[in-house]
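Reading through the C-alpha coordinates given below for one structure.
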(Lines give C-alpha, C1' and ligand atoms only; values in the text may rest on other atoms or scores of the structure.)
Protein backbone atom coordinates (compact mmCIF):
# COMPACT_ATOMS: atom_id res chain seq x y z
CA UNK A 1 0.00 0.00 0.00
CA UNK A 2 2.74 2.46 0.98
CA UNK A 3 4.75 1.89 -2.23
CA UNK A 4 1.58 2.33 -4.31
CA UNK A 5 0.95 5.69 -2.60
CA UNK A 6 4.53 6.75 -3.31
CA UNK A 7 4.10 5.83 -6.98
CA UNK A 8 0.93 7.94 -7.23
CA UNK A 9 2.64 10.95 -5.62
CA UNK A 10 5.67 10.51 -7.89
CA UNK A 11 3.43 10.45 -10.96
CA UNK A 12 1.57 13.56 -9.76
CA UNK A 13 4.89 15.35 -9.20
CA UNK A 14 6.21 14.44 -12.64
CA UNK A 15 3.01 15.52 -14.42
CA UNK A 16 2.24 18.60 -12.30
CA UNK A 17 3.02 21.16 -14.99
CA UNK A 18 0.86 19.45 -17.62
CA UNK A 19 -2.11 19.04 -15.27
CA UNK A 20 -1.90 22.59 -13.93
CA UNK A 21 -1.77 23.99 -17.46
CA UNK A 22 -4.78 21.98 -18.68
CA UNK A 23 -6.97 21.13 -15.66
CA UNK A 24 -6.90 23.91 -13.06
CA UNK A 25 -10.16 24.30 -11.14
CA UNK A 26 -8.97 27.03 -8.74
CA UNK A 27 -5.67 28.68 -7.86
CA UNK A 28 -4.50 31.46 -5.55
CA UNK A 29 -1.74 32.58 -3.22
CA UNK A 30 -1.76 31.24 0.32
CA UNK A 31 0.52 30.58 3.26
CA UNK A 32 1.57 27.06 4.22
CA UNK A 33 2.67 25.99 7.67
CA UNK A 34 6.14 24.53 7.31
CA UNK A 35 6.75 21.04 8.63
CA UNK A 36 8.34 20.06 10.90
CA UNK A 37 6.50 22.83 12.61
CA UNK A 38 8.43 23.33 15.86
CA UNK A 39 9.19 26.92 14.78
CA UNK A 40 5.68 27.61 13.49
CA UNK A 41 6.93 29.20 10.27
CA UNK A 42 4.48 30.06 7.52
CA UNK A 43 5.70 30.23 3.93
CA UNK A 44 4.25 32.13 0.98
CA UNK A 45 2.97 29.57 -1.51
CA UNK A 46 0.72 29.22 -4.55
CA UNK A 47 -1.96 26.53 -4.40
CA UNK A 48 -3.63 24.92 -7.44
CA UNK A 49 -6.59 22.55 -7.37
CA UNK A 50 -7.05 20.09 -10.24
CA UNK A 51 -9.61 17.26 -10.51
CA UNK A 52 -7.01 14.74 -9.25
CA UNK A 53 -4.65 16.66 -7.01
CA UNK A 54 -4.11 19.70 -4.81
CA UNK A 55 -0.69 21.09 -5.70
CA UNK A 56 1.31 23.55 -3.58
CA UNK A 57 4.10 25.51 -5.31
CA UNK A 58 6.69 28.00 -4.09
CA UNK A 59 5.38 30.64 -6.50
CA UNK A 60 2.93 31.13 -9.33
CA UNK A 61 4.35 29.70 -12.55
CA UNK A 62 6.81 27.29 -10.92
CA UNK A 63 4.67 24.36 -12.07
CA UNK A 64 7.54 21.93 -12.71
CA UNK A 65 8.44 21.53 -9.02
CA UNK A 66 5.55 21.32 -6.54
CA UNK A 67 6.40 21.66 -2.85
CA UNK A 68 3.52 19.32 -2.07
CA UNK A 69 1.31 17.05 -4.21
CA UNK A 70 -1.85 15.85 -2.47
CA UNK A 71 -3.79 13.11 -4.32
CA UNK A 72 -7.50 13.72 -3.81
CA UNK A 73 -8.53 10.06 -4.05
CA UNK A 74 -7.31 9.41 -0.49
CA UNK A 75 -7.48 12.88 1.07
CA UNK A 76 -9.73 14.37 3.73
CA UNK A 77 -10.57 18.06 4.15
CA UNK A 78 -10.44 19.54 7.65
CA UNK A 79 -12.14 22.92 8.00
CA UNK A 80 -11.32 24.46 11.37
CA UNK A 81 -10.36 28.11 11.90
CA UNK A 82 -8.13 27.18 14.85
CA UNK A 83 -6.41 24.35 13.01
CA UNK A 84 -2.74 23.74 13.85
CA UNK A 85 -1.01 20.35 13.72
CA UNK A 86 0.50 18.79 16.82
CA UNK A 87 3.78 20.38 17.86
CA UNK A 88 3.11 23.82 16.40
CA UNK A 89 3.88 26.59 18.90
CA UNK A 90 1.02 28.90 19.95
CA UNK A 91 2.67 31.87 18.18
CA UNK A 92 2.37 30.19 14.79
CA UNK A 93 -1.19 31.38 14.18
CA UNK A 94 -1.45 33.00 10.73
CA UNK A 95 -4.78 34.64 10.04
CA UNK A 96 -8.31 33.31 10.43
CA UNK A 97 -8.77 31.40 7.17
CA UNK A 98 -7.11 28.02 7.64
CA UNK A 99 -7.92 24.64 6.14
CA UNK A 100 -6.15 21.33 6.47
CA UNK A 101 -5.86 18.43 4.09
CA UNK A 102 -4.91 15.03 5.47
CA UNK A 103 -3.62 12.40 3.07
CA UNK A 104 -1.79 9.07 3.46
CA UNK A 105 1.70 10.59 3.30
CA UNK A 106 1.14 13.79 5.26
CA UNK A 107 -0.91 16.72 6.41
CA UNK A 108 -1.00 20.22 4.91
CA UNK A 109 -2.21 23.37 6.66
CA UNK A 110 -3.00 26.31 4.38
CA UNK A 111 -3.99 29.83 5.37
CA UNK A 112 -5.94 32.05 2.99
CA UNK A 113 -6.10 35.13 5.24
CA UNK A 114 -9.87 35.36 5.59
CA UNK A 115 -12.73 33.08 6.51
CA UNK A 116 -14.47 33.94 3.21
CA UNK A 117 -11.52 32.83 1.06
CA UNK A 118 -11.03 29.69 3.14
CA UNK A 119 -14.75 28.91 2.78
CA UNK A 120 -14.56 29.24 -0.99
CA UNK A 121 -11.55 26.93 -1.06
CA UNK A 122 -13.34 24.44 1.21
CA UNK A 123 -16.28 24.29 -1.19
CA UNK A 124 -14.09 23.68 -4.24
CA UNK A 125 -11.79 21.15 -2.53
CA UNK A 126 -14.76 19.30 -1.02
CA UNK A 127 -16.45 19.03 -4.43
CA UNK A 128 -13.22 17.86 -6.10
CA UNK A 129 -12.64 15.31 -3.32
CA UNK A 130 -16.12 13.82 -3.76
CA UNK A 131 -15.81 13.63 -7.55
CA UNK A 132 -12.30 12.16 -7.44
CA UNK A 133 -13.20 9.56 -4.81
CA UNK A 134 -16.41 8.61 -6.65
CA UNK A 135 -14.46 8.11 -9.88
CA UNK A 136 -11.95 5.91 -8.04
CA UNK A 137 -14.72 3.77 -6.51
CA UNK A 138 -16.42 3.43 -9.90
CA UNK A 139 -13.16 2.28 -11.51
CA UNK A 140 -12.53 -0.33 -8.79
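The values are calculated or read from the model by the stated rules, or taken from the named source; none is laboratory data. If you're wondering where the values come from, they're calculated on a predicted model, not measured in any experiment. Every residue, glycine among them, receives a Cβ derived from its backbone with ideal geometry; neighbour counts consider all protein chains shown.
Can you tell me which of 19, 52 is surrounded by 15 or more Cβ atoms within 10 Å (Cβ to Cβ), under 24 Å from residue 118 (Cβ atoms), at pLDDT below 90 and under 12 Å from the mean Cα position of the chain (by Cα)? Answer to the selection: 52. Return yes when residue 106 is exposed (fewer than 15 other Cβ atoms within 10 Å of the Cβ) and under 12 Å from residue 75 (Cβ atoms) and no when it is not. So residue 106 fits the description; yes.
Could you please let me know if residue 58 is modelled with pLDDT of 85 or more and either over 11 Å from the mean Cα position of the chain (by Cα) or over 25 Å from residue 139 (Cβ atoms) (or both)? Yes: the conditions hold for residue 58.
Within region 45-72, the residues that satisfy the criterion of being closer than 19 Å to residue 120 by Cα and assigned to a strand (DSSP E or B) are 45, 46, 47, 48, 49, 53, 54, 55, 56, 70.
Residues in region 122-140 that are touching a helix residue (DSSP H, G or I) at 6+ places or on another chain (Cβ under 6 Å) and modelled with pLDDT under 85: 136 only. Looking across 91, 119, one residue alone is outside any loop (DSSP other than H, G, I, E, B), out of contact with any helix residue (DSSP H, G or I) (no Cβ under 8 Å at 6 or more places or on another chain) and modelled with pLDDT under 80. It is 91.
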